[in-house]
Amino acid sequence: MSAAQRQVRAARAMFATAVAFWVVFVGGIVAGVAITQESAWWRPSISHFGSAHAKSALVFNAVQVLDGLILVLLAWFAYVALEALVGAEMLGTVGRVGIPAILVVQGLLLISLAVLPYDLGGRAVYVYHNVAGWLEALVPAGCVVLAPWLLPWLPRWFKVLSVLVAAVLFCAWFLFVIARVLAHGLSEVVAFTALAVWMLALFWILSAEVLESIERAATRRAAS
C-alpha cells in the first residue's frame, strides 16, 4: 500500500473515529442516568456517575476507558493522515506531531479519571482527579482559541464557529464558577456540546483537506 493510500484511509477513519468518540461519550452519560435513575442528575458533576460508590461506576468508567482508547486511535489516524498536509505545506512537522500528541494526552487523562475516581480514597487521588479534570477542560478550550491562529488556512466559517464556541465555554464557566446560577453538570453538558460541534467540524475539515491535497498531488504527477 502506498503512502497516499494509507493517508486516504486514515483521513476517512479520522472523522469516523471522532464521531465514534462523541457517540460513546454520550452513551456513557445516558447509561449513568439510566442506571442511577436520578431525577436531578444534571446538578452534580458528570463524573459523579463514575464515583467509587455510584451504582453506575463500573459501566460509566468502562465507557470512559473505551473513549480514552478511541482518542488514542484517533491520534494515530491523525498522525498518518496529516502527513499529506505537511507535503502540501499546509502544516508543519510540529503541527503533525502536536495534534496527535494532544489527543493522546487527552485520552490518557480520560482513562486515568476513570481508573482513579475522586472518592476512591486519599487526598492525593482527590487532588489528582481535580487537576486532571481541569486539564481535560482547559486543553480543548485552548485549542478552540488557538486553532484559527495556528492554522490560518481554516475556512472563515470555522473561525467564526471557534469564536462562538469559545464564548459558550466562557459563559458556561462564568455562570457556574462566578455567578453560581448554573448547575455543575448542566455547565459541563453545555461545554461538551459546544466542544463536540467544534471538534467534529475540525476533523471534517482536516479529513477533506487531506483528501483534496492527495488528489491535487496525484493530478500534478499525472500532468508532469
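Please treat every number below as a calculation from the coordinates, not as lab data. Given the structure is predicted, the values throughout are model-derived calculations rather than measurements.
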Rg from C-alpha atoms of region 127-221, normalised by the globular rule of thumb 2.2 N^0.38 Å, equals 1.35
Using θ = phi - 60° and the Karplus curve 6.51 cos²θ - 1.76 cosθ + 1.60, what whole-Hz ³J(HN,Hα) does each residue of region 86-93 get, with Gly and Pro shown as x?
5, x, 8, 6, 9, 8, x, 4
A correct Karplus calculation of ³J(HN,Hα) over region 110-119, with 6.51 cos²θ - 1.76 cosθ + 1.60, θ = phi - 60°, whole Hz and x for Gly and Pro, returns 4, 5, 5, 5, 6, 6, 10, x, 4, 9
Computed [θ] at 222 nm, deg cm²/dmol, the chain (DSSP H ≥ 4; -39,500 (n - 2.57); rounded to nearest 500)
-27500 deg cm²/dmol
Dividing the alpha-carbon Rg of the chain by 2.2 N^0.38 Å yields what?
1.11
Computed P(r) (all Cα pairs; region 1-57; 5 Å bins; percent):
4, 17, 20, 13, 10, 8, 8, 7, 7, 5, 1
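Quick check on region 1-115: what are the equivalent-ellipsoid semi-axes from the Cα gyration tensor, as sqrt(5λ), descending, whole Å?
Values: eigenvalues 244, 34, 22 Å².
Square roots of five times the eigenvalues give 35, 13, 10 Å.
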Residues whose modelled amide H sits under 5 Å from the amide H of L120, counting only those 5 or more places away in sequence or on another chain, are A52
